Amino acid sequence: MGNLINLGLLDFGGFPAGSAIYCDCDSLPIKNYINDEIFIPISGSGGSLEVGRFGNALRMGMQDKFSYVGGLSTSSQMTFSFWLNSTNYAPVYDQSDPEVFYYVKMPVFSKSSWSVSSATQSYVLDWTNSSFLVYEKCYEDNTNSIIVDLYENGTYDLYRYESERYEIGKNHHFYVAYDGVNGFVNIYIDGIMSELSVTAPGAVAAPYQISSSGNPLIINDIAPGVVSSVVGSSSLLDDLFICNTSFDSEGLIQRIINRGMRDTFSSDVSLRKNKQTLFLPYKEISTNYITSISGNSSEVYLGSSYGDIYKGSSTSWSSRRNFTNQNEIDNLNLIKYDSSNNSSYSTEDGDGIKIDGYGIELE
């Protein structure tokens with residue numbers, strides 16, 4: 001991770017037809033922003049809109065499924081990026097044996113073919129006509145994990161990657177970089193690379209190329225497992241991006257998290273270069289502490305140790321940010337407006353950030 005990305009590649013207009021999908025989920029029916037092709041509701045109510053990470057987001061109903069009418073090609077490299085505010089369900093117990101239980105799984109999206117086995121009452125995936133599945137697994141402690149299944153072209157072997165667990169009920173950003181040429185799959189949750197539990201047919205950690213299924217991409221369609229343990233998702237989905245190129249860059253992921261996919265891949269290069277800044281009043285710079293932060297997708301409010309409340313308007317700042325967390329602090333840069341070299345920041349006793357400069361910015 002951390003490799004540099006040429007900004008010239010970050011343009012929706014540069015993707016060949018059928019090689020990328022971006023859904024901003026701002027309106028219904030949801031559509032591929034790149035070419036205006038829509039997702040058709042094939043079951044359920046068609047979903048609804050709620051406030052998400054960037055503007056509106058898609059609230060899925062448990063019966064809702066959305067099929068993309070345009071094609072999506074696969075290759076030896078893929079990127080999946082999306083926001084999810086998840087729900088959680090308790091394990092399902094076997095009616096014939098109460099000591100046997102199954103963890104509930106909830107689909108996110110997939111290109112797959114499946115059927116129901118009458119003998120086992122399980123969803124069975126057709127390996128010869130499936131490309132990938134992305135779904136959640138619910139644990140009993142109110143946490144979930146994200147799971148990515150990839151089916152190798154030719155051999156149709158299954159490669160499975162399960163992330164670390166994360167809290168439900170809050171917005172999380174998920175980023176999956178698959179590179180069969182270099183033999184890796186990385187999953188990032190909120191910009192941090194996750195430790196993965198990997199199931200592979202051999203010593204190779206990733207398939208060289210995933211199967212080019214003729215099936216459409218469907219949101220909220222299927223996950224493997226016993227029928228009673230697979231439940232349609234009611235999560236909030238936002239800023240969905242899929243392409244058949246692998247972008248594995250720490251800087252790019254942070255930019256997507258902070259600005260959203262639309263600005264990151266905008267044809268307006270200036271949007272991709274500009275950092276977003278939130279200024280603090282000069283008179284209190286040297287001694288003021290940021291002690292709390294909250295907001296929505298368009299506004300943010302900072303609370304200070306002096307009792308002041310500061311208002312900003314950049315989506316770079318959200319209630320997800322926690323400036324007592326070193327990983328978040330490392331993403332801050334100081335803005336200086338004079339020739340001194342004294343600007344700095346520090347944390348003390350986990351109470352926030354002490355600013356000794358004139359402002360702060362977040363890439």
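The values are calculated or read from the model by the stated rules, or taken from the named source; none is laboratory data. As the structure is a computational prediction, the values presented were derived from the model and not from experiment. Cβ coordinates were reconstructed from backbone atoms using ideal geometry, including for glycine residues, and neighbour counts include every protein chain displayed.
The numbered conditions (1) of a type in the set (A, V, I, L, M, F, W, C); (2) in contact with a Cys (Cβ under 8 Å, 6 or more places away or on another chain); (3) touching a residue at least 60 places away in the same chain (Cβ under 8 Å) are all true for residue 60 except (2). In this structure, does residue 240 turn out to be assigned by TED's automatic domain parsing to the domain that holds residue 87 and either closer than 18 Å to residue 137 by Cα or in contact with a helix residue (DSSP H, G or I) (Cβ under 6 Å, 6 or more places away or on another chain) (or both)? The answer is no for residue 240. Just to check your reading of the model, which residue among 222, 218, 210, 168 is in contact with a Lys or Arg (Cβ under 7 Å, 6 or more places away or on another chain), within 30 Å of residue 121 (Cβ to Cβ) and among the β-branched types (Val, Ile, Thr)? Exactly one of 222, 218, 210, 168 is in contact with a Lys or Arg (Cβ under 7 Å, 6 or more places away or on another chain), within 30 Å of residue 121 (Cβ to Cβ) and among the β-branched types (Val, Ile, Thr), namely 218. The set of residues from the range 159-188 being of a type in the set (Val, Ile, Thr) and touching a Ser or Thr at 6+ places or on another chain (Cβ under 6 Å) comprises 168, 181, 187.
Table: residues versus (1) of a type in the set (D, E, K, R); (2) surrounded by fewer than 22 Cβ atoms within 10 Å (Cβ to Cβ); (3) farther than 28 Å from residue 101 by Cβ.
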| site | (1), (2), (3) |
| --- | --- |
| 118 | no, yes, no |
| 133 | no, no, no |
| 163 | no, no, no |
| 217 | no, no, yes |
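Is it the case that residue 140 is outside any strand (DSSP E or B) and at pLDDT 95 or above? Considered against the rule, which asks whether it is outside any strand (DSSP E or B) and at pLDDT 95 or above, residue 140 comes out as no. What single numbered condition from (1) surrounded by fewer than 19 Cβ atoms within 10 Å (Cβ to Cβ); (2) touching a Phe, Trp or Tyr at 6+ places or on another chain (Cβ under 6 Å); (3) closer than 26 Å to residue 157 by Cα fails to hold for residue 107? Failing condition for residue 107: (1).
Quick grid of which residues meet (1) in contact with a helix residue (DSSP H, G or I) (Cβ under 9 Å, 6 or more places away or on another chain); (2) surrounded by 16 or more Cβ atoms within 10 Å (Cβ to Cβ); (3) not hydroxyl-bearing (Ser, Thr, Tyr):
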residue: 31; (1), (2), (3): no, yes, yes
residue: 34; (1), (2), (3): yes, yes, yes
residue: 54; (1), (2), (3): yes, yes, yes
residue: 70; (1), (2), (3): no, yes, yes
residue: 74; (1), (2), (3): no, yes, no
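Tell me, please, whether a residue that is small (Gly, Ala, Ser), surrounded by fewer than 19 Cβ atoms within 10 Å (Cβ to Cβ), over 17 Å from residue 87 (Cβ atoms) and within 13 Å of the chain's Cα centre (by Cα) can be found in the range 182-199. Yes, that holds for at least one residue.
The combined condition, being modelled with pLDDT under 95 and outside any loop (DSSP other than H, G, I, E, B), is not fulfilled by residue 135. Listed by first and then second residue, the pairs with beta-carbon distance under 6 Å, at least 6 apart or on different chains, first residue in the range 195-212 and touching a residue at least 40 places away in the same chain (Cβ under 8 Å), second among the charged types (D, E, K, R) and surrounded by 13 or more Cβ atoms within 10 Å (Cβ to Cβ), are 199/160; 201/157; 207/152.
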